[in-house]
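Each remark here refers to the structure printed beneath this line.
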Amino acid sequence: MAPLFSNKRGSNQRFDVNLSILFTELPLLERPAAAAAAGFTAVELWWPWIETPTPEQAELDALKNALDDAGTQLVGLNFYAGALPGPDRGALSIPGEESDRFRANIEVAAGFAASVGCKALNALYGNRVEGADPQVQDTLALENLVLAARAAHRVGAILLVEPLNKPESPLYPLVSAPSAIEVIDKVNAATGLGNAKFLLDIYHLSMNGENVSEVIEAYADKTGHVQIADNPGRGAPGTGSLPLEDLLDQLTKAGYDGWVGLEYKAPEAAASFGWLPAEARAAN
């Protein structure tokens, strides 16, 4: 694949590889080295232990060592989100056991982030539950997001809130940029910390039929992290029809200088990066 993005881009945009969707043919602990071999120095992860919010310290240490040995910086980490990938889309608004698991995970995830210098923690909202009052779920969500924001603040990190897309996540209530921004504003008002930020995922916004350029114009100043995939297909840039380079240029011009996570699907990750010049892969 010929590069789609200009060589100059390496000077003004920082890319990272999401190791929960790319290199999944490899065991978790081998993925940081694979990303490094492809030229990347930064990575992000969904919560890697979907079966538990509180893994053994040895498992946390092993992941830290894998990141360190590869020379990769973890720049984004999800809090516990249930079975993801799978039917779940977060735990923090789910009454009962899942909310308890999220709360048990808060200090574990924040502590791990602190140990590896990760400055962004993503809290997926969770699906609507049949028979549960949406207002009860939203009240629980705000309580848990406030706890998560305070924990993130203690380790010098931001809290990310992410809208998903309705076609693929029909039970997830945050399926537009404004719906996520409303939650972010409530969290910041409750904590007074101002560290709750928008995770702007261009793929999800486009799947929802939103005008991504208008979203960038409206919310670039509240954006704490960006993720990209092409649409249709959620593949690498150039496999669909989204003007990703133009949209990232717009973000830069709007003042966004944070990370751009590569959260796309590819049958062979190492062969999927041809759209990005090699010299633009290592973070400056």
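Annotations
- Note on the stretch 225-245: residues that are open to solvent by less than 10 Å² (accessible area, probe 1.4 Å) and hydroxyl-bearing (Ser, Thr, Tyr) amount to 0.
- Which numbered condition VAL129 fails, given (1) within 18 Å of the chain's Cα centre (by Cα); (2) outside any helix (DSSP H, G or I): (1)
- Scanning the stretch 232-254 for residues that are in a loop (DSSP other than H, G, I, E, B) and not polar (S, T, N, Q) gives PRO232, GLY233, ARG234, GLY235, ALA236, PRO237, GLY238, GLY240, LEU242, PRO243, ALA254.
- Pair list, Cβ under 9 Å, 6 or more apart: the stretch 175-191 residue more than 14 Å from ILE216 (Cα to Cα) and small (Gly, Ala, Ser), other residue part of a helix (DSSP H, G or I) and open to solvent by less than 20 Å² (accessible area, probe 1.4 Å): ALA190/LEU145; ALA190/VAL146; ALA190/ALA149
- Some residue of the stretch 2-17 being farther than 28 Å from PHE198 by Cα, at pLDDT below 95, touching a Gly at 6+ places or on another chain (Cβ under 6 Å) and of a type outside the set (Lys, Arg): no
- From the options ALA42, ALA38, ALA62, ALA33, residue that is of a type in the set (Gly, Ala, Ser) and surrounded by fewer than 16 Cβ atoms within 10 Å (Cβ to Cβ): ALA62
- Count of the stretch 45-54 residues, restricted to those that are in contact with a helix residue (DSSP H, G or I) (Cβ under 9 Å, 6 or more places away or on another chain) and buried (at least 19 other Cβ atoms within 10 Å of the Cβ), is 3.
- Of the residues making up the stretch 189-224, those that are open to solvent by 40 Å² or more (accessible area, probe 1.4 Å), more than 16 Å from LEU248 (Cβ to Cβ) and part of a helix (DSSP H, G or I) number 6.
- When ALA271, ALA278, ALA283 are checked against the criterion of being at pLDDT below 95, open to solvent by 60 Å² or more (accessible area, probe 1.4 Å) and not acidic (Asp, Glu), ALA278 stands alone in meeting it.
- Taken across the stretch 171-181, residues that are more than 16 Å from ARG89 (Cα to Cα), aliphatic (A, V, I, L, M) and either surrounded by fewer than 22 Cβ atoms within 10 Å (Cβ to Cβ) or touching an Asp or Glu at 6+ places or on another chain (Cβ under 9 Å) (or both) do occur, with at least one present.
- Condition check for ALA282 on (1) in a helix (DSSP H, G or I); (2) within 24 Å of PRO32 (Cα to Cα): one failure, at (1).
- Every pair of residues 6+ apart whose Cβ atoms lie under 7 Å, when the first sits in the stretch 29-44 and is within 18 Å of GLU279 (Cα to Cα) while the second is in a strand (DSSP E or B) and open to solvent by 30 Å² or more (accessible area, probe 1.4 Å): THR41/GLN73; ALA42/ARG14; ALA42/GLN73; ALA42/TRP259
- Test for VAL136: is it of a type in the set (A, V, I, L, M, F, W, C), surrounded by fewer than 24 Cβ atoms within 10 Å (Cβ to Cβ) and either under 18 Å from PRO55 (Cα atoms) or touching a Gly at 6+ places or on another chain (Cβ under 9 Å) (or both): no
- In the stretch 88-122, the residue that is surrounded by the fewest Cβ atoms within 10 Å (Cβ to Cβ) out of those that are touching a residue at least 40 places away in the same chain (Cβ under 8 Å) and part of a loop (DSSP other than H, G, I, E, B) is GLY117.
- A Cβ distance below 9 Å, combined with a sequence gap of six or more or placement on separate chains, defines the contacts here; from the stretch 222-251, residues that are farther than 11 Å from LEU262 by Cα reach residues that are of a type in the set (Ser, Thr, Tyr) and surrounded by fewer than 17 Cβ atoms within 10 Å (Cβ to Cβ) in the pairs ASN231/SER241; PRO232/SER241; PRO243/SER213; GLU245/SER6; ASP246/SER213; LEU247/SER213; GLN250/SER213.
- Residue check, LYS186 over 18 Å from the mean Cα position of the chain (by Cα), of a type in the set (Lys, Arg), farther than 30 Å from VAL108 by Cα and surrounded by fewer than 22 Cβ atoms within 10 Å (Cβ to Cβ): no
The values are calculated or read from the model by the stated rules, or taken from the named source; none is laboratory data. What you see is a predicted model, and the numbers here were worked out from it, not measured in a lab. Don't worry about glycine lacking a Cβ; one is built from the backbone with ideal geometry, like all the others, and counts go over all protein chains shown. Heads up: the accessible areas ignore ligands, DNA and RNA and are worked out on the full protein's heavy atoms, side chains in. Shrake-Rupley method; radii C 1.70, N 1.55, O 1.52, S 1.80 Å.
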